[in-house]
Every structure is written in C-alpha cells, then in structure tokens.
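Take a look at the structure set out below.
Please treat every number below as a calculation from the coordinates, not as lab data. What you see is a predicted model, and the numbers here were worked out from it, not measured in a lab. Ideal geometry is used to build each Cβ from the backbone, glycine not excepted, and the neighbour counts take in all protein chains shown.
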Amino acid sequence: MAAEGKTIDALSQFELHHALGPIGAAVNFTQSNAHMLLAAAAIVGLMAWGIAPRAVVPGRLQSMAEMFYEFLENLVTGQVGHEGKRYFPFVFTLFMFVLFGNVIGLLPYAFTYTSHIAVTFALAALVFVVTTVVALALHGKKFFGYFFPEGAPLWLAPIIVPVEVVSYLSRPISLSVRLFANMVAGHVLLKVFATFVVLLGGLGAIGPVVAVLPLGVNVLLIGFELLVAFLQAYVFAILTSIYLHDAVHLH
Amino acid sequence: MSEQNDFERRLRQAREKQGLDKKPDTAGGGGLPSSGWRIGLRAGTEVVSALIAGAGLGWLLDRWLGSFPWLFLVFFVVGGAAGVMNVYRLFNPRNGAR
C-alpha cells in the first residue's frame, strides 16, 4: 500500500477505519477501539490466568503477572511513599493499558491506539483530574498554596501565581504529547524504512542487494521500538506517581 | 527460615557494596533519562507544552472577555516563563523531598 505510485506514505497507518462491519460503522466503532478492548482483555487475561494457580513457585504466566505487580508497586511506593498504596490500582491500570497499547501496536497489522493524541490526552486529562481531586480532598483550601511558594514577597504574586498555574496546566499536555510523539515517530520511521525496502527491491538486479540495508535498519528499529514502548509506559506511570506525590505531600 | 533471611541480608549488603542496587530514582525529576538526546527532548516537551498551555489559556480568556490579542499575548509570555520553570524543576525538584 505504501509503495503504490512510488511514494512514501507514512501517515496513512494512523487513519481510523470502522471495525466489525456494518455494526461498527453504525456506532463509530473503530479499529482503535477494537485494539483497546483487545489490550484490556489481554491484561485481564494475563492477571486472571496468571494469578489463578497461586503457586508458591510461580509458573511463566504467574511470574510475569507478579513481575508487573511488584515493579509497579515498587515504583508507586518509591515515589509517593507508603500512603501511595491507595493509588496503586490507578497507576497499575494506566501503566498496563499504555504498555499493552504500545506493544500490541508493534505487531504486524495491528493498530497503535497510543499514537492518537485524543487517546493519550484523555489519559493525561484523567491523571490531571485525579491528582487535583486527590490534592483538594486531602488538603482542602491549602491546595491553592501550591501556586504560591511560602516566603516569596507578596508583591510578586501577580507574576508567580499565573506562571505556577500555567505550569500546572501544562502537565497533562506534556504527559500526552510525549507518549503520542514517541509512538508516532517510531511508527513513521518503521514505515519509511519498510517503504525503502520495497522501492529499492524493485531496482533491477542490484535492487535486492541494496534493499537488505533498510531491512537491517528495520530489524534494529523494531528492537528499539520495543524499548521505547516499555520506556514510555514507564515514564507515563512514573510521572503519574510524581504528580500523585505532589498531590499527597503538597509542597 | 532465619538462615535464608541471613542470606538475603548478606546478599543485599554485597549488592549495595557493588553498587548493583541503585537507590530508587535519585535523579529527582522522575526517571530523568541519562543520555543527552533524551534530556533535550524531555526539556523541549516541557517548554512547548507550557507554551501551549499558556497560549491556550490566554486565548480562552480572551474569547470569554472579548479582549483578543492582549491576554493571549500576556499569557504567551507567562507560558514561556512557566516552560523555563518546568525545565528548572526537572533538574531541581521542589524541596528535594524525594
């Protein structure tokens, strides 16, 4: 599809299509939604089947489930502190959803729902609302002191307060743009080099020999993208925990 | 059982001495990536997102109050300041409580 007309068409992979035939078209159910459901089912399946045996010596699936659990638990308690355990389910769900979205998107024919700013911004907005509500619930009016550091001269307030407010409002934007941009950049790179393979492969006798180079690049890129997929989910989770830390401890 | 605890303790001590167990996130700003490119991209997103937030807030306030370009311009500058502050926070987290 990409090599049709000898052009590089790297962005059509992000287009949404209706899934599930006429039923999907009627309710605007896209392949993005289908992949979200798939990821959710995979996460629930991993956790349910992994934990079901409750073996003392865990099998493969159970140790994987335990690994994710312990990794996230260390992360949350390390960042938020002991009282952060309350928010563990929230961060865990976010992390798994982002991670599975990133990783499933790397499979052939799959769609990466985290490559849409609408999805990542919705997740980031959720984080923003939850952290703000947590801060308000725990600290009440004192939360607004967050926007004006103690000890600063009062006449500076008209400058400091707007800057702090804008900085606070910029959190969901940087959180969502980072994930979205990383996923888009990775998939565009993969597509561009994959198109090179096809284009160069058609260049007569020497073509297939030269085409091996971009193919090799793509093999390396897939490995790199797996790393990025994990890293971005990790960054999303750790930033969420940092924001929760700020909300719980408020300074 | 105590034998195993003793082993765990000695293993931890040995690992600490070898520097294998890194303290969780001593870098502050939250898993601050180590390579130059990643730090640059991270700081860039912080600045750009603060600019977007500032400009967007200013634009919304303008639309509400009907005072187009002024608040937009003011908050664009405020957004830039917030971006610089975000980058500063990236390297010097508040109070260094972590």
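Given 37 °C and 0.692 mPa s, compute D for the stretch A:48-122 with the Stokes-Einstein relation, Rh being the Kirkwood radius over Cα pairs; round to the nearest whole µm²/s.
Numbers: Rh = 14.2 Å.
Roughly 232 µm²/s, to the nearest whole number.
Read phi for every residue in the stretch A:107-116 and hand back ³J(HN,Hα) as whole Hz from Karplus 6.51 cos²θ - 1.76 cosθ + 1.60, θ = phi - 60°, with x for Gly and Pro.
Those phi angles translate into 6, x, 6, 7, 10, 9, 6, 6, 8, 10 Hz.
Please report, largest first and rounded to whole Å, the three semi-axes of the ellipsoid equivalent to the stretch A:20-249, where each semi-axis is the square root of five times an eigenvalue of the C-alpha gyration tensor. Present the calculation step by step, with values, prior to reporting the outcome.
Values: eigenvalues 299, 127, 63 Å².
Taking √(5λ) for each Cα gyration eigenvalue gives 39, 25, 18 Å.
Order of A:Phe230, A:Phe95, A:Phe88 from fewest to most other C-beta atoms within 10 Å? Show your work: numbers first, answer last.
Working: A:Phe230 14, A:Phe95 23, A:Phe88 17.
Least crowded to most crowded, the residues run A:Phe230, A:Phe88, A:Phe95.
Just how many pairs of Lys in the protein assembly as shown have C-alpha atoms closer than 27 Å, counting pairs that are eight or more places apart or on different chains?
Working: A:Lys6/A:Lys191; A:Lys85/A:Lys141; A:Lys85/A:Lys142; A:Lys85/B:Lys22; A:Lys85/B:Lys23.
For the protein assembly as shown, the number of qualifying lysine pairs is 5.
Please identify, among A:Val119, A:Val235, A:Val198, the residue showing maximal mean-square fluctuation in a Gaussian network model of chain A using a 10 angstrom Cα cutoff.
Comparing A:Val119, A:Val235, A:Val198 in the GNM, the peak value goes to A:Val198.
Neighbouring Cβ atoms within 10 Å as the yardstick, rank B:Trp59, A:Trp49, B:Trp64 fewest first. Can you show the working numbers first?
Details: B:Trp59 16, A:Trp49 13, B:Trp64 9.
Listed from fewest to most nearby Cβ atoms, that is B:Trp64, A:Trp49, B:Trp59.
Can you give the calculated 222 nm mean residue ellipticity of the protein assembly as shown, where each DSSP H run of n ≥ 4 adds -39,500 (n - 2.57) and the sum is split over every residue, rounded to the nearest 500 deg cm²/dmol? Spell out each step's value before the answer.
Values: 10 runs with 244 residues, N = 349.
-24500 deg cm²/dmol, from helical runs alone.
Convert each backbone phi in the stretch A:216-227 into a coupling constant with the Karplus relation 6.51 cos²θ - 1.76 cosθ + 1.60 (shift: θ = phi - 60°), then list the ³J(HN,Hα) values in order as whole Hz, x for Gly and Pro.
Once θ is set to phi - 60°, the couplings for the stretch A:216-227 become x, 4, 5, 4, 5, 4, 4, x, 4, 5, 4, 4 Hz.
Could you pull out every residue, at least 5 positions away or on a different chain, whose amide H is within less than 5 Å of the one on A:Thr30? Hs are placed 1.01 Å off N in the peptide plane, and Pro or chain starts have none.
Amide H neighbours of A:Thr30: A:Ala19.
Taking +1 at the Cβ of each Lys and Arg and -1 at the Cβ of each Asp and Glu, which of A:Gly21, A:Val91, A:Tyr109 sits farthest along the dipole of the protein assembly as shown towards its positive end, judged by Cα position relative to the Cα centre?
A:Val91
Cβ under 14 Å from A:Phe95's Cβ, A:Phe95 left aside: what net charge do those residues give with Lys, Arg +1 and Asp, Glu -1? Walk me through the numbers before you get to the answer.
Working: positive: none; negative: A:Glu70, A:Glu73.
Neighbourhood net charge equals -2.
I'd like the Karplus ³J(HN,Hα) series for the stretch A:78-94: coefficients 6.51, -1.76, 1.60, θ = phi - 60°, whole numbers in Hz, and an x wherever there's a Gly or Pro.
x, 8, 8, x, 4, 6, x, 4, 4, 9, 4, x, 4, 5, 4, 4, 4
Given a 10 angstrom Cα cut-off, can you work out which residue in A:Leu99, A:Leu16, A:Leu154 is the most mobile in a GNM of chain A?
Residue with maximal mean-square fluctuation among A:Leu99, A:Leu16, A:Leu154: A:Leu154.
Over the stretch A:20-249, calculate the relative contact order: mean separation of alpha carbon pairs under 8 Å at least 6 apart, over the residue count, as a percent.
26
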